[in-house]
Amino acid sequence: MSSTSNTSTHHTSTIGSIGTPSRRNTELALLVFAVLIPVFAYANVGLAINDSVPPGLLSYGLGLGLLAAVGHVVVRKFAPYADPLLLPLATLLNGIGLVAIWRLDQSKRLQAVSTFVEAAPRQLLYSALGVGLFVVVLVFLKDHRVLQRYTYISMVGALILLLLPLVPGLGLNVFGARIWISIAGFTIQPGEFAKIVLAIFFAGYLMVKRDALALASRRFMGIYLPRGRDLGPIIVVWIISILILVFETDLGTSLLFFGMFVIMLYVATERTSWIVFGMLMSAAGAVGVASFESHVQQRVQAWLDPMHEYELSQQGVIGHTEQSMQALWAFGSGGTLGTGLGQGNSDLIGFAANSDFILATFGEELGLAGVMAILLMYGLIVERGVRTALAARDPFGKLLAIGLSGAFALQVFVVAGGVMGLIPLTGMTMPFLAYGGSSVIANWALIGILIRISDTARRPAPAPAPNPDAEMTQVVRP
Amino acid sequence: MSELTLTVMRLGFLAVLWLFVIVAVQVIRSDLFGTRVTQRGSRREAQRPQQAAARQSAPPPQRQQAAPSGGGRQRRGAPTKLVVSEGILTGTTVALQGQTITLGRAHDSTIVLDDDYASSRHARIYPDRDGQWIVEDLGSTNGTYLDRTRLTTPTPVPLGAPIRIGKTVIELRK
């Protein structure tokens, strides 16, 4: 039957394609908001601790504002159709993270520790580097599909990054976990970057192999069993993550990589059986390693009975820490609305209060309400990532967006769960909030890639090519 | 700093934090993907019957309220709509508002003719500077007929004169 005639386009209702204006102004408004909130928090901390507006207010506010402005201008120029929420959310989290780090810098208890350094200025520098990398990603990565070419190079790169901490002389063993390397006085956590590189490899690999993984399977007891040879890659990734766990004793990174792979495998193949397999394998791996690795055993003990751990550390037993218990107390004393910024005692956590345990500071000073808001912001970032994956028009972009946002979500879960005592504590950092250069820089790059994919996905589709007549016009014969 | 100020700031900060979350969710809400319909005209455009079945029913139904001529631009007695009076699209009307109407089998025509005897870009109807409507054959295979004569040059269309394209007949009406 005939297609309907479009009445004129001039005076009638027009039906746009996917109705996405560029939304850059929305982003700008949200960014202004996202810069003002940390400035407010900063003033609040200063008033609470020193009874005066902190002297650095202007410079911190301007610094954060400048970073946000640079990010916004670059997005406006190079990714005009990008998602309007990712940049403001990342800026806000980074900003309130800076405030919390500065607030812990003011603590007399932490200043008394011999290794004390002012962390906030460094974190601002790391944030600037992070935004710099964000800009580099947006300027030089014109199309995320270019990354597809580097599928196997990414695999090698990721493996090298993961193995670097094991290299003698380069790797550092910090409190039982070998996840840092030291180059020219800087300590870097290569795992944070490996996360992104590995996501590129998984996306490229699964895009090619997903049909074989999805279709060549037998049905057994309601779930699809993959063929033996298709199990290969998942087993390899599993072994690698177990090796990380054994040699670097880093439960979080291992869980992150394996979880990311399972998520991407599930999204690529739509087979629930992979999730079942993945859960079983990671559980088996974790239990197996925990049976002989003392560092992991200790973490599990501290998780199961933090009070006992606390007592041991108070008695001065080497190798035990009061951190988990102090963090739980911090959350507890925060209550629903918190004690107010700058008025808590989360500095009692001591070492790593501003990195791994920074969520406890928010838990105490902003209470349940504040932590919920922060977790919701993380949730929104993940949601925008998943939405980008849904909207992406190419399978590689879809898988990459899902992998990156899945890794981001897993990292938030692993850290927040560890600090709150839901799962054993692992040495990872809260994205954007926590003190740590590698984490901030890598996560800005991650947001940059997501913005690039969302720009491609939301760009109005080019008009369909004019369709030459399917049938020839018939000639009237007199 | 007084206790009261700090309490106000504490609650104020939580409120601002949540406000940001709520605003962000609002942005998502207004950002949901989908088609967007924008009304451009000042008055409602005549809606043609969408169902093909309805269109096939034989009598030419006057489904459309005559669109009143807009503004003082149009002269008295000027046609306000174009009506398909014969053929598969019988009953279809298009309001004439100064725009060029193209006819043919091509998908981007104003009136897409599903007619084997029509060319993809068959003819167009447009107003000249005086507001007089002109029909022009665009080099079609089977020609465009005004009344009984095959068009060779752009020709003014009188009210009610049948323009025949393949099996389709259209005319301008007030």
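Summary table below
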| item | result |
| --- | --- |
| Efficiency of FRET between B:T7 and A:T187 - r from beta-carbon atoms, R0 41 angstrom, step 0.05 | 0.50 |
| Rg to Rh, two decimals, where segment B:81-173 supplies the alpha carbon set and Rh follows Kirkwood | 0.91 |
| Cα convex hull volume per residue for chain A (Å³) | 208 Å³ |
| Kirkwood estimate for segment A:267-380, i.e. one over the average of 1/r between Cα atoms, Å | 16.4 Å |
| Longest DSSP-loop-exposure-free segment, chymotrypsin sites (Phe, Trp or Tyr not before Pro), chain A, at most 13 other Cβ within 10 Å | A:293-478 |
| MRE, 222 nm, helices only [DSSP H, n ≥ 4, -39500 (n - 2.57), over chain A, to nearest 500] | -21000 deg cm²/dmol |
| Exposed trypsin sites (Lys or Arg not before Pro) absent - longest run of chain A, DSSP non-H/G/I/E/B, at most 16 other C-beta within 10 Å | A:228-392 |
| Efficiency of FRET between A:L66 and B:Y126 - r from beta-carbon atoms, R0 45 angstrom, step 0.05 | 0.25 |
| Per-residue ³J(HN,Hα) for segment A:79-90, Karplus 6.51 cos²θ - 1.76 cosθ + 1.60, θ = phi - 60°, Hz, x for Gly and Pro | 9, x, 9, 5, 4, x, 9, 4, 5, x, 5, 5 |
| Potential lengthening between A:L166 and A:L368 on full extension [0.36 nm per residue; Cα-Cα distance subtracted] | 68.8 nm |
| Spatially proximal aspartates and glutamates relative to A:K142 (Cα-Cα < 14 Å; intrachain offsets below 8 disregarded) | A:D455 |
| Straight-distance crosslink candidates among aspartates and glutamates, where the alpha carbon sits under 16 Å from A:K108 and sequence neighbours closer than 8 are dropped | A:D51, A:E118, A:D347 |
| Residue list for segment A:438-457, given a label point 7 angstrom along the Cα-to-Cβ vector of A:R145 and an amide N cut-off under 17 Å | A:452-457 |
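The numbers here are math on the coordinates, done by the rules we state, and not lab data. Keep in mind that this is a model prediction, so the values were computed, not measured. So basically every Cβ, Gly included, is an ideal-geometry build from the backbone, and we count neighbours across all protein chains shown.
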